Amino acid sequence: MNWKEQVLALRIIHSNMMSRCYNPRCPDFRFYGAKGIRVYRRWHNPNVFIVYIMQVLGPRPAGKLPCGLSAWCIDRKDSTKGYYPGNLQWSPMKASQLNRRPKLKKLSPVPCITSTDQAMIPT
């Protein structure tokens, strides 16, 4: 990945991170912003965030998933804390997915029992 591609990828990562933490219309806001996960104030500027990542974590490691996406993402070391210096790392997507909260299974709707139905139930 050349320099321009690295910067573009980090801009997308930054935009997604900010949306998850601050945009209530983002589908993942309930797992991040609504739970108090915040972004280090200086990193609200994407350029400051990109410089930090490149200097401290280095460029994204090489590797792609079978679908063509990168096999690496930025992950929080401690998932109960926000996006702050010292709490980020490059992680393989598979490891990052293991660091997620389990999703709740959707329950099928329970049919309503009307008074007519209730009268038909033997006692």
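The values are calculated or read from the model by the stated rules, or taken from the named source; none is laboratory data. As the structure is a computational prediction, the values presented were derived from the model and not from experiment. Because the Cβ atoms are built from the backbone with ideal geometry, glycine has one as well, and the counts that use them run over all protein chains shown.
Laid out as a table, the results:
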{"item": "Scan of region 1-45 for residues that are over 17 Å from the mean Cα position of the chain (by Cα) and not hydrophobic (A, V, I, L, M, F, W, C), ordered by number", "result": "Asn2, Lys4, Glu5, Gln6, Arg41, Arg42, Asn45"}
{"item": "Selection status of Ser70, at negative phi and in contact with a Lys or Arg (Cβ under 8 Å, 6 or more places away or on another chain)", "result": "yes"}
{"item": "Test: Phe49 is more than 30 Å from Asn2 (Cα to Cα), within 18 Å of the chain's Cα centre (by Cα) and at pLDDT 90 or above", "result": "no"}
{"item": "Unique match (being surrounded by 15 or more Cβ atoms within 10 Å (Cβ to Cβ) and assigned to a loop (DSSP other than H, G, I, E, B)) among Cys73, Cys26, Cys67, Cys21", "result": "Cys26"}
{"item": "Check on Arg42, assigned to a helix (DSSP H, G or I) and free of Cβ contacts under 8 Å to residues at least 24 places away in the same chain", "result": "yes"}
{"item": "Test: Lys94 is modelled with pLDDT under 90, more than 13 Å from the chain's Cα centre (by Cα) and assigned to a helix (DSSP H, G or I)", "result": "yes"}
{"item": "Residues (of a type in the set (A, V, I, L, M, F, W, C) and either over 16 Å from Val7 (Cβ atoms) or exposed (fewer than 10 other Cβ atoms within 10 Å of the Cβ) (or both)) located in region 54-64", "result": "Ala62"}
